[in-house]
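Taking it in order: structure first as structure tokens, then the write-up.
Derivation of every value follows stated rules applied to the coordinates shown; laboratory data play no part. No experiment lies behind these values; they were computed from the predicted model shown. All Cβ positions, even for glycine, are placed from backbone atoms using ideal geometry, and neighbour counts span all protein chains on display.
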Amino acid sequence: MFVANRKIVEYIRDEWVIPYDNNSQFALDHGIDEKTVRRIKDDPKYQIALITIMRICQAKNITLEYFFKSVGL
């Protein structure tokens, strides 16, 4: 389960958070806490909650199915 979680966190970090270049704005635009964005970027042991994934997907206007396929799960 840890491997799947890492894939998810790394995908969100690499594809969406890092290119954004502003933690506060990413958090605001995606309905999540800035602390969560920092954890996604910096905490190698962070275990992302499903509700966080759902909020980000909703803000990106994509389905969970599409997201998990994109991640490779």
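Ordered by residue, what ³J(HN,Hα) values in Hz, to whole numbers, does segment 13-30 give under the Karplus form 6.51 cos²θ - 1.76 cosθ + 1.60, where θ = phi - 60° and Gly and Pro are x?
Going residue by residue, I get 4, 6, 7, 10, 6, 4, x, 5, 6, 8, 4, 4, 5, 4, 4, 4, 5, 10 Hz, with x marking Gly and Pro.
Grab the beta carbon distance between Ile51 and Leu73, set R0 = 22 Å, and tell me the FRET efficiency rounded to 0.05.
Computed FRET efficiency for Ile51 and Leu73 comes out at 0.80.
If you build the convex hull over the alpha carbons only and average its shadow over all orientations, what do you get for segment 2-71? Give it in nm² to one decimal.
One quarter of the hull surface, i.e. the mean projection, equals 4.1 nm².
When we measure straight from the Cα of Lys41, which aspartates and glutamates land under 15 angstrom away, once same-chain ones fewer than 8 places off are left out?
Those aspartates and glutamates meeting the cut-off are Glu10, Asp14, Glu15, Asp21, Asp33.
For segment 2-71, give the magnitude of the charge dipole about the Cα centre (Cβ charges: +1 Lys/Arg, -1 Asp/Glu; no others), in debye to the nearest 20.
Dipole size: approximately 220 debye.
Report ³J(HN,Hα) in whole Hz for each residue of segment 31-38, in order, from the Karplus equation J = 6.51 cos²θ - 1.76 cosθ + 1.60 where θ = phi - 60°; Gly and Pro get x.
x, 10, 7, 4, 4, 5, 4, 4
By how many nm would the segment from Asn22 to Leu64 grow when fully extended, if each residue of separation counts as 0.36 nm and the alpha-carbon distance is taken off?
Contour length minus Cα-Cα distance gives 12.7 nm.
Starting at the first residue of segment 50-62, write each ³J(HN,Hα) from the Karplus equation 6.51 cos²θ - 1.76 cosθ + 1.60 with θ = phi - 60°, in whole Hz, x for Gly and Pro.
For segment 50-62, the Karplus-derived couplings read 4, 4, 5, 4, 4, 5, 5, 4, 4, 5, 7, 6, 10 Hz, x marking Gly and Pro.
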